[in-house]
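One structure is given below, encoded as structure tokens.
The values are calculated or read from the model by the stated rules, or taken from the named source; none is laboratory data. Keep in mind it's a predicted model, so treat the numbers as computed, not measured. Because the Cβ atoms are built from the backbone with ideal geometry, glycine has one as well, and the counts that use them run over all protein chains shown. Side chains are part of the model used for accessible areas, which takes the heavy atoms of the whole protein and leaves out ligands, DNA and RNA. Shrake-Rupley method; radii C 1.70, N 1.55, O 1.52, S 1.80 Å.
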Amino acid sequence: MRENKKRLNRTKIARSTAVHVILLLLVFICLAPIALVVINSFKENAEITRNPLSFPAALQFENYTQAWKTGRFALGFINSIKLTGITIIIVLICSTLAGYVLAGKRIKGSGAILLYFLMAMTVPIQLFLFPLYYAYARLGLIGNIPATSVILAATSMPLAVFMMRTFFLNVPKELEEAARIDGAGTAQLIWYVMRPVVSPGLITVGVLVGLQTWNEYLISSTFLQGEKNFTATLGFLSMNGSYGSAMGVLMASAVILIGPVVAFFLIMQKYFVDGMVSGAVKG
Amino acid sequence: MNQKTRRKINWNYFLIAPALIISVSIILVPGIMTIVYSFTDWNGLSPNISFIGLKNFQQLMRDGIFKRAIMNNVIWTVMFITIPVCIGMFSAMLLLNRKKTRNFYQLAFLIPYVLAPSVNAMLWLNIMFSPVSGVIAALRNMGLDISSPLASMKTAIYACAGVDIWHYWSYLTVIYLAALRQTPQDQVEAAMVEGAGSWQLFRFVYLPSIMTTVKMMFIIITIGCFLAFDYIKLLTGGGPAHATEVLGTYAYSLAFGSMKVGKAAAVGLVISFFGLIASSIYTYLTRKENMI
């Protein structure tokens, strides 16, 4: 009996170890390329081409100062923050208001509008990109950061509306009725009653839209032409073309881009994971 | 009288207006314009636009690159509805009972997912695939005769998909894990009392319980595959010799490379058509699940 229990215990430990080995292998696959970039960002060019897998001989930050200058990251990060910030503000305001209206079916055609947003969620960018580009070009809006934010906001809007609507659906009806009886108007209702209840939702949507906008490639590379309008990622991409030989500098710039995103993700992980899941799994 | 009309104003119309106006002017109106342009020979600049009927579509039917692009989208879809789905499901099952370490693994897996495609692509181009400074170079130094998989017409599309899958699969882990955790615990316990093994537990208890999510993800993945653009554009730009061209990159290079906006619009319409089929199924399923 005792022997049996011992054996059971042993298989359990063996099993658990095997699981962790597999999981760690997956972690390795995810992080190895990133780790290699970090390692090589401290090396000189010749050192990298000799052996990209070796550790740096000395810890030197010259690549980083060089990268910061050639990638124009000071400007790039400001542009990225502008682009992302404006997009988040537009999306949050519009999707909160729309989510509030659609959650209560407060207007005629709520169903049709929801259906429209559902379809808009899956529309390929190439369906509206070309006429939009030439219209923007005619209006002189190419390279205009706020104007590009509007496009990015439009692409994130459907999902944001759906998420905000779900948050409003979870607000108890009694809360709203009580406020109405106390004589609150729609504006007061939204600001004093709804906003505190749905503010976790606002953070979730903000985090999700923020990361998506920060990372976006197709729209921002098409509409933000001209070096002074480049976001951090676009500056980094232009480096790859013109700075092909200085690998160490390129690796350092990659780390400069990876660092803030990973830090932001780790701080906001809960909201991020919640946002990802609420889009796909119903709780 | 005056008061009556004032009371009739439904402020909710004003509240929904900003979201609708932005969406309609950025997506719906240009979308309709794309449909119109697909029947023209517009080059993006010239004020003379003439309607040429179905000529763009007829040309596409005879276009080898277009056929290859569709084929590549199909390859892409087949790879994406198998490889990341399996890894995602497997890792989610492994994480399900690891209460203490679950969060750590999930976060580590998600890091490639939260990085920008441009960063990920540069990372793989320069540190993995590069024959000068990448892992490929290190393997060559060790005497292996290999070259970058991106350089070969046969393997390039798989290499691109591989990088995208590397970045994407953990998203599915998170989604599946969240769904798995909603499996009623009494069902799991009942199955365990009856002596079900891990596979049987998965097959007969967990999988049926998350089937809605699995189906939904299949559709979302399929839609995403027809929209594939970022990784291909960044890794190969559609090359070598159009070997990795997908509909998304082909439409883009037609519009901005060879200035055939009419033809690009036609390709955009084809992408939308595939997307529409998938999204109709998606809408149907969502409505069936009583979301609207």
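How shielded is A:203-212 by partner chains, expressed as the average number of their Cβ atoms within 10 Å of its Cβ atoms?
Values: counts 0, 0, 0, 0, 0, 0, 0, 0, 4, 2.
Partner Cβ neighbours, averaged per residue: 1.
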- [ ] Would you please state the base-10 log of I(q)/I(0) at q = 0.08, 0.14 1/Å for chain B, with intensities from the Debye formula using one equal scatterer on every alpha carbon?
- [x] -0.51, -1.15
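Compare A:Tyr100, A:Tyr133 by solvent-accessible area with a 1.4 Å probe and give them largest first, with all protein chains kept in place. Please list the in-between numbers first.
On the way: A:Tyr100 0, A:Tyr133 30 Å².
Accessible-area ranking of A:Tyr100, A:Tyr133, largest first: A:Tyr133, A:Tyr100.
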TODO: Starting from the Cα of A:Asn51, step 7 Å along the direction of its Cβ; do the same at A:Lys6; then give the gap between the two resulting points in nm.
DONE: 4.6 nm
TODO: Please build a GNM for chain B, connecting alpha carbons under 10 Å apart, and tell me which residue among B:Ile32, B:Ile75, B:Ile223 fluctuates the most.
DONE: B:Ile32
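Grab the other residues whose beta carbon is less than 12 angstrom from that of B:Gly257, score K and R as +1, D and E as -1, and report the net. Write down the numbers at each step before the final one.
Values: positive: B:Lys233, B:Lys260, B:Lys263; negative: B:Glu245.
Charge balance near B:Gly257 sits at +2.
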Open item on the list: Using protein chains only and a probe of 1.4 angstrom, how many square angstrom of B:His167 are accessible, to the nearest 10?
Closed with: 20 Å²
Task: Added length on full extension, which subtracts the Cα-Cα distance from 0.36 nm per residue, B:Ala241 to B:Ile277 - done: 9.9 nm
TODO: Just give the residues from region A:21-44 buried by at least 50 square angstrom of accessible area in the all-chains context relative to the isolated chain, probe 1.4 Å, and say none if nothing qualifies.
DONE: A:Leu23, A:Leu26, A:Val27, A:Cys30, A:Pro33, A:Ile34
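With a ≥ b ≥ c the root eigenvalues of the C-alpha gyration tensor of region A:73-242, is it rounded (a/c under 1.5), prolate (a/b larger than b/c) or oblate?
Working: a/c = 2.81, a/b = 2.01, b/c = 1.40.
Cα axes put region A:73-242 in the prolate bin.
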Task: Distance (nanometres) between label positions extended 7 Å along Cα→Cβ at A:Lys105 and B:Tyr284 - done: 2.4 nm
Open item on the list: With an 8 Å Cα cut-off and a minimum separation of 6 or more residues, compute the relative contact order for region A:73-242 in percent.
Closed with: 45 percent
TODO: Pull out a ≥ b ≥ c, the square roots of the eigenvalues of the alpha-carbon gyration tensor of region A:155-283, then state rounded if a/c is under 1.5, prolate if not and a/b is larger than b/c, and oblate in the remaining case.
DONE: prolate
Task: Sites A:Ala14 and B:Lys100, calculated FRET efficiency, Cβ-Cβ separation with R0 30 Å, nearest 0.05 - done: 0.95
Open item on the list: Given Cβ point charges of +1 (Lys, Arg) and -1 (Asp, Glu) and nothing else, what value in debye, to the nearest 20, does the dipole of region B:152-251 about its Cα centre take?
Closed with: 200 debye
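In a shell of Cβ-Cβ distance under 11 Å around A:Thr186, excluding A:Thr186 itself, what net charge do Lys and Arg (+1) and Asp and Glu (-1) give? Intermediate values should be presented prior to the final figure.
Values: positive: A:Arg106, A:Arg180; negative: A:Glu176.
Local charge sum for A:Thr186: +1.
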Open item on the list: Distance between the C-alpha centers of region A:122-200 and region A:91-108? Whole Å please.
Closed with: 8 Å
Task: Karplus-derived HN-Hα couplings along region B:35-52 (A = 6.51, B = -1.76, C = 1.60, θ = phi - 60°), whole Hz, x at Gly and Pro - done: 4, 5, 4, 5, 9, 10, 10, 4, 10, x, 10, 4, x, 8, 10, 10, 6, 10
Task: Prolate/oblate/rounded call for region B:163-249, Cα gyration tensor, a/c under 1.5 rounded - done: prolate
- [ ] Compute for chains A and B the buried accessible surface, both sides summed, probe 1.4 Å, and express it in Å² to the nearest 100.
- [x] 8300 Å²
Open item on the list: Check which residues have an amide H placed less than 5 Å from B:Thr40's amide H, if you skip close sequence neighbours.
Closed with: B:Ile52
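Rank these by accessible area, largest first, 1.4 Å probe: B:Phe218, B:Phe229, B:Phe204. Before the final figure, lay out the partial values.
Details: B:Phe218 80, B:Phe229 10, B:Phe204 135 Å².
I get B:Phe204, B:Phe218, B:Phe229, largest accessible area first.
Pairs of Cα atoms under 8 Å, at least six residues apart: use those to get the relative contact order of chain B, whole percent. Could the numbers behind the result be given before it?
Values: 308 pairs, mean separation 80.2, N = 292.
It rounds to 27 percent for chain B.
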Task: Point-to-point label distance, B:Leu54-A:Lys82, nm (Cα→Cβ direction, 7 Å offset) - done: 4.8 nm
TODO: Determine which lysines satisfy two conditions relative to A:Lys108: a Cα distance under 19 Å, and not lying fewer than 8 residues away in the same chain.
DONE: B:Lys8
